[in-house]
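Each value in this text was obtained by applying a stated rule to the coordinates, not by laboratory testing. Source: prediction; values computed, not measured. For neighbour counting, all protein chains shown are included, and Cβ atoms are generated from backbone atoms with ideal geometry for every residue, glycine included.
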């Protein structure tokens, strides 16, 4: 099944514009066909009691898988009260595709060697998107972008440095979020490689993708880039991020936020939410749509408005002024408002559990495996920055590579935990002999 997983992982980066068939509900792509077909294959394996399907019960990866599948079941039930059934079925379809990928990689990726091949394949496909973004900046040729929205002031032709990379994504923020995940894979391959030319190539791609994040103009992604680099820099110089010293960094950031006038003004701008519509800033409008979402949550008694129904509610039940903006741009509130409090708590519990497990694996260091520790720290740092990066993307539920990336991370933790259990069993057998 490894080859199947390989095609599954690589096909997601073709997007929904390349090799896609349009239907009234959703576009049919190679990735979606492979992901949904994996459900049938898994069902066949379960019915035939395939011994290769192993559920590593003590693993945090298993807990995260169960939480995600429970979240999927809750999203299914929200269709009973979703006011826009079309929006619900579109989002639930994409959620089903994502859950299928997570489940498939959990059961079918059995060894670190297989996992590393998948990581390399994902890195290769993302590298193609990096060069695609660079090509757009150099040539000013956009295949799928709506230049009337992207080039609002018509400066791309005369001022090349104003050009924004986007490839096939809906906006530059979604592309910048993918580049943040690409940095993680660059770190994974850098730590696991022993060849100097390979490391220099990866370092070059790391710098290039960092430049594209800057060029995208995504402020939150740029902040996440800085945090990601800072975390790895401090770890390289033996600064223990898991001890009390990190508290001083947080205090420093908070103090600087209120000392520097532009940052202080931005903080108060976000807090403010009244006044005429014409005078609302972009951040104020975004905060207002968040506040409206919390109102919708209380109106549904904490059950949520239903998957994909937030924008519908924002159109028919506006409260705070948003200048007709209906997209929340907040992954955490999207889960809370659309699928309810229980789904949000499940996701948060699984997310924090994965953070704690990766932190533990990252702290082991030389005691077990330096490479394993470094890879775990790369994923740990991604989960830290994803807390912020997920706010800048338009809709992570619709961003399919995000599900595949989480599937890769979950399968990594499962493999590590399985190997640890196997080693413990071998030690026990030796002691009993």
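Extension gain, residue 45 to residue 236, is 64.3 nm, computed as 0.36 nm per intervening residue step minus the present C-alpha separation. Each of residue 131 and residue 81 was given a label point 7 Å from its Cα along the Cα-to-Cβ line. The distance between the two points is 5.2 nm. Ordering 218-231, 195-208 by mean Cβ neighbour count within 10 Å, with the highest value first, yields 218-231, 195-208. The label point for residue 28 and the one for residue 364, both projected 7 Å from the Cα toward the Cβ, are 4.5 nm apart.
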